[in-house]
Amino acid sequence: MGENEVAGKFEDRTLVCMDCGRSFTFTSGEQEFYALKGFANEPKRCPDCRDRKKQARFGQDSREERQMYTATCAACGGPAEVPFMPNSDRPVYCSNCFAKIRSDGHDDNKSSHGRYSNY
């Protein structure tokens, strides 16, 4: 049994963030979660520094809206808004047409490899 575990119960621990040097609490609930997930190491960063590291790793604040691009749907000709820069070598579909194609399980513009292509 670990030094901070008492008869199957965890106790809150105070840790020091390796980035900012501030103290933070590693709660008993967090410790139990870590144990259930099989995590061997306790956190080295406070919640604020963990959030900053995630934001830096993913290149954006997760609360920010994603940049969207406007295109013309290849199926119905209506407007389509997509989260990527469309290019001419792959079709773009509006939400309704995309859902229909997905539910039908096929797309005439797909190769046998499951990717959009011209071969």
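Below is a table of values for the structure above.
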item	result
Exclusive hit being modelled with pLDDT of 90 or more and in contact with a Gly (Cβ under 8 Å, 6 or more places away or on another chain), set T72, T14	T72
Condition check for K37: of a type in the set (K, R), out of contact with any Cys (no Cβ under 6 Å at 6 or more places or on another chain) and at pLDDT below 90	no
Within the stretch 68-100, considering residues that are assigned to a loop (DSSP other than H, G, I, E, B) and polar (S, T, N, Q), the one surrounded by the most Cβ atoms within 10 Å (Cβ to Cβ)	N87
Of the criteria (1) at pLDDT below 90; (2) surrounded by fewer than 15 Cβ atoms within 10 Å (Cβ to Cβ), which one E32 fails	(1)
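The values are calculated or read from the model by the stated rules, or taken from the named source; none is laboratory data. This structure is a prediction, so every number in the text was calculated from the model and none was measured. Ideal geometry is used to build each Cβ from the backbone, glycine not excepted, and the neighbour counts take in all protein chains shown.
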